[in-house]
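Below is one structure, written out as structure tokens; the observations come after it.
The values are calculated or read from the model by the stated rules, or taken from the named source; none is laboratory data. Note that this is a predicted model, so its numbers are computed, not measured. Cβ coordinates were reconstructed from backbone atoms using ideal geometry, including for glycine residues, and neighbour counts include every protein chain displayed. These accessible areas exclude ligands, DNA and RNA; they are computed on the full protein's heavy atoms, side chains included. Shrake-Rupley method; radii C 1.70, N 1.55, O 1.52, S 1.80 Å.
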Amino acid sequence: MTTDTQAPHAGNIFMVVAPSGAGKSSLVNALLAQDATLALSISCTTRDPRPGERDQEHYRFVSVDTFQALRDRGDMLEWAEVHGHFYGTPRDRVAQAIASGTDIILEIDWQGARQVRQHYPQAIGIFILPPSIEALETRLNKRGQDAPQVIARRLLAAGGEMAHASDCEYVIINQDFSIALQQLQAVVSAARLRYAAQSIRHADLFMQLGIRKPLVNAS
């Protein structure tokens, strides 16, 4: 396995994975609003903006040619084609964030999450599930952002996407939004207390207390 670096980082990478309509973006946005120390990785996409979405805030909206050029230069940490559009995570911001001790969130699909793990095995996967397929269909329709044929395609793909929930360390069922948000916050809080992160963030204290560093990168 090839990783970007063998040294542990103070910053965590949180990969939030979900089928379309499960509430991934709403949960991430609510979490970011409550925790200013978290950074959001702004993905590139070749799809058109949905109502209310702004370039460089929700996504970096680019042409297919621009996306392919970034990918071919190796500037993408991961990329995938989803529902006929390209999505990808720029490599530089993620590397800069965790090197500086900042926790960063990636809204990502399961294919992208697997690619990220090839570079950062310590990345934390959190899968967001709907309470039922019926609830997922209702949410997609109420969102009012996609044509009926697009919704049908997303529902058809959802089953295959949710089959990869086992790739993640944590699974949150988004039946009650407030409870799901509390659970997402709990995962972030727990990850920040892991030995690997704490030993870097509080290196002087660990040295004073005579706590040796692990021989391998603990996750």
Please identify the DSSP H helices in the chain that span no less than 20 Å along the helix axis (Cα) and have a mean Kyte-Doolittle hydropathy of 0.5 or more. 177-192
Tell me, how many Å apart are the Cα centres for the stretch 70-101 and for the stretch 51-66? 14
Labelled set [x] 12.0; [y] 11.0; [z] 12.7; mean projected area of the Cα convex hull in nm² computed from this model equals the value at [z]
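So what is the 222 nm mean residue ellipticity for the chain from helices alone, if each DSSP H run of at least 4 adds -39500 (n - 2.57) and you divide by all residues, rounding to the nearest 500 deg cm²/dmol?
After summing the helix terms and dividing by residue count, I get -13000 deg cm²/dmol.
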Largest-first ranking of 211, 126 by accessible area, probe 1.4 Å, whole protein assembly kept, is 211, 126
Counting only DSSP beta bridges with both partners in the stretch 68-209, the antiparallel fraction in percent, to the nearest 5, comes to 60
Taking 44, 168 and ranking on accessible area (1.4 Å, protein atoms only), highest first, one gets 168, 44
Calculated FRET efficiency for the pair residue 25/residue 167, C-beta based, R₀ 22 Å, to 0.05: 0.65
So what does residue 114 come to for accessible area, using a 1.4 Å probe and Å² rounded to 10? 120
From the Cα centre of the stretch 172-204 to that of the stretch 9-43, the distance in Å is 12
Over the chain, give the accessible area per residue in Å² for a 1.4 Å probe, as an integer. 52
Efficiency by 1/(1 + (r/R0)^6): what FRET value for residue 185 and residue 209, r their Cβ-Cβ distance, R0 = 22 Å, to the nearest 0.05? 0.15
On the accessible surface of the chain, probed at 1.4 Å with all protein chains in place, carbon and sulfur together account for a percent value of 53
For a label point 7 Å from the Cα of residue 37 along Cα→C-beta, name the residues of the stretch 87-128 whose backbone N is under 17 Å from it. 97-105
Quick check: with the 1.4 Å probe, what order do 170, 59 take by accessible area, largest first? 170, 59
Per-q log10 I(q)/I(0), the stretch 1-125, q = 0.09, 0.18, 0.20 Å⁻¹ (Debye; single scatterer per alpha-carbon; no solvent): -0.23, -1.00, -1.24
Ranked highest first by the average count of other Cβ atoms within 10 Å around their residues, in what order do 46-52, 187-193 fall? 187-193, 46-52
